1. For region 93-118, which residues satisfy the criterion of being charged (D, E, K, R), in a loop (DSSP other than H, G, I, E, B), surrounded by fewer than 20 Cβ atoms within 10 Å (Cβ to Cβ) and under 16 Å from the mean Cα position of the chain (by Cα)?
2. In region 161-170, how many are surrounded by fewer than 19 Cβ atoms within 10 Å (Cβ to Cβ), out of contact with any Lys or Arg (no Cβ under 7 Å at 6 or more places or on another chain) and not in a strand (DSSP E or B)?
3. Mind checking whether some residue in region 37-57 is open to solvent by 40 Å² or more (accessible area, probe 1.4 Å), under 16 Å from Trp139 (Cα atoms), charged (D, E, K, R) and in a loop (DSSP other than H, G, I, E, B)?
4. Out of all the residues in region 136-160, which are open to solvent by 50 Å² or more (accessible area, probe 1.4 Å) and over 21 Å from Thr56 (Cβ atoms)?
5. Taking only region 132-163 into account, find how many residues are under 16 Å from Cys89 (Cα atoms) and aliphatic (A, V, I, L, M).
6. Conditions: (1) more than 23 Å from Val123 (Cα to Cα); (2) at pLDDT below 95; (3) not aliphatic (A, V, I, L, M). Phe64 meets all but one. Number of the miss?
7. Can you tell me which residue within region 83-92, out of those that are under 17 Å from Thr56 (Cβ atoms) and in contact (Cβ under 8 Å) with a residue 40 or more places away in the chain, is nearest to the chain's Cα centre (by Cα)?
Amino acid sequence: MIFTRLINTIYQRLRWFYWSKKFGSVSGPVKMSKDITIQYPECLHFGKGVGIGKYTYFLPCPQFAGIIYNPKIIIGDGTWIGIRNSFACIDRIEVGKNVLFAGYVHLTDHSHGYEDVTKPCSVQPLISKGPIIIEDDCWLGFESEILSGVHIGKHSIVAARAVVTKDVPPYSIVAGNPARVVKQYNFETKQWE
């Protein structure tokens, strides 16, 4: 038991040392579970105290269909990412501090173009409505989806399986497909209404 724990600790530290040299920037140790998929680690920027669950994907896309992009995935201090989350970007996904991700959350700031009907969608340029920004202290529920151009305000909650297609005000709860505000915190009454 003690020997196994020691081996795991050594493995985690060696693994962290390896990845920390490849990331675009990092403020402190990141707790990385096994079986994480990372493409283009130089596009990833981590704060300190970040945790990443098993089978999570980081998929920045610096080039597609002959077009060069400048993707960045920025994860703030103290954020915890649950299992099987996926982050795909051609522009930017920026996550604030102390954000909590449940399992199977998907964030993408782009989709395939479709305008040219003479070409398959798979070879058309990628399109984006802009970066995804998630402010501090948010909670993203199980299987929620956050799409391009969305800005989620501070201390907001995205319900399980919600599909967020437009901005979420701070201190709000959104649910549904497409997601809509179902509650907001009232600072005068000090209640969620």
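1. Taking region 93-118 and keeping what is charged (D, E, K, R), we get 94, 97, 109, 115-116.
This time we only want the ones that are in a loop (DSSP other than H, G, I, E, B), so: 97, 109, 115-116.
Those still in the list that are surrounded by fewer than 20 Cβ atoms within 10 Å (Cβ to Cβ) too: 97, 115-116.
Matches in region 93-118: Lys97 only.
2. Initially, region 161-170 is screened for residues surrounded by fewer than 19 Cβ atoms within 10 Å (Cβ to Cβ), giving 161, 163, 165-167, 169-170.
Subsequent filtering for residues that are out of contact with any Lys or Arg (no Cβ under 7 Å at 6 or more places or on another chain) retains 161, 163, 165-167, 169.
With not in a strand (DSSP E or B) added as a condition, the list becomes 161, 165-167, 169.
Total satisfying the criteria: 5.
3. Scanning region 37-57, I find no residue that is open to solvent by 40 Å² or more (accessible area, probe 1.4 Å), under 16 Å from Trp139 (Cα atoms), charged (D, E, K, R) and in a loop (DSSP other than H, G, I, E, B), so the answer is no.
4. Pass one, region 136-160, residues open to solvent by 50 Å² or more (accessible area, probe 1.4 Å): 136-137, 139, 142-143, 145, 147, 151, 154-155, 160.
If the condition is that a residue be open to solvent by 50 Å² or more (accessible area, probe 1.4 Å) and over 21 Å from Thr56 (Cβ atoms), then His151, Lys154, His155 are the ones that fit.
5. Filtering region 132-163 down to residues under 16 Å from Cys89 (Cα atoms) leaves 132-134, 145-151.
Filter once more, keeping what is aliphatic (A, V, I, L, M): 132-134, 146-147, 150.
Matching residues across region 132-163 total 6.
6. (1)
7. As a first pass, look at region 83-92 and keep what is under 17 Å from Thr56 (Cβ atoms): 83-89.
Within this subset, residues satisfying the condition of being in contact (Cβ under 8 Å) with a residue 40 or more places away in the chain are 83, 89.
Values: Ile83: 12, Cys89: 9 Å.
Among residues in region 83-92 that are under 17 Å from Thr56 (Cβ atoms) and in contact (Cβ under 8 Å) with a residue 40 or more places away in the chain, the one nearest to the chain's Cα centre (by Cα) is Cys89.
The values are calculated or read from the model by the stated rules, or taken from the named source; none is laboratory data. Just so we're clear, the structure is a prediction, and the values are computed from it rather than from any experiment. Because the Cβ atoms are built from the backbone with ideal geometry, glycine has one as well, and the counts that use them run over all protein chains shown. Calculation scope for accessible area: heavy atoms of the full protein, side chains included, ligands and nucleic acids excluded. Shrake-Rupley method; radii C 1.70, N 1.55, O 1.52, S 1.80 Å.
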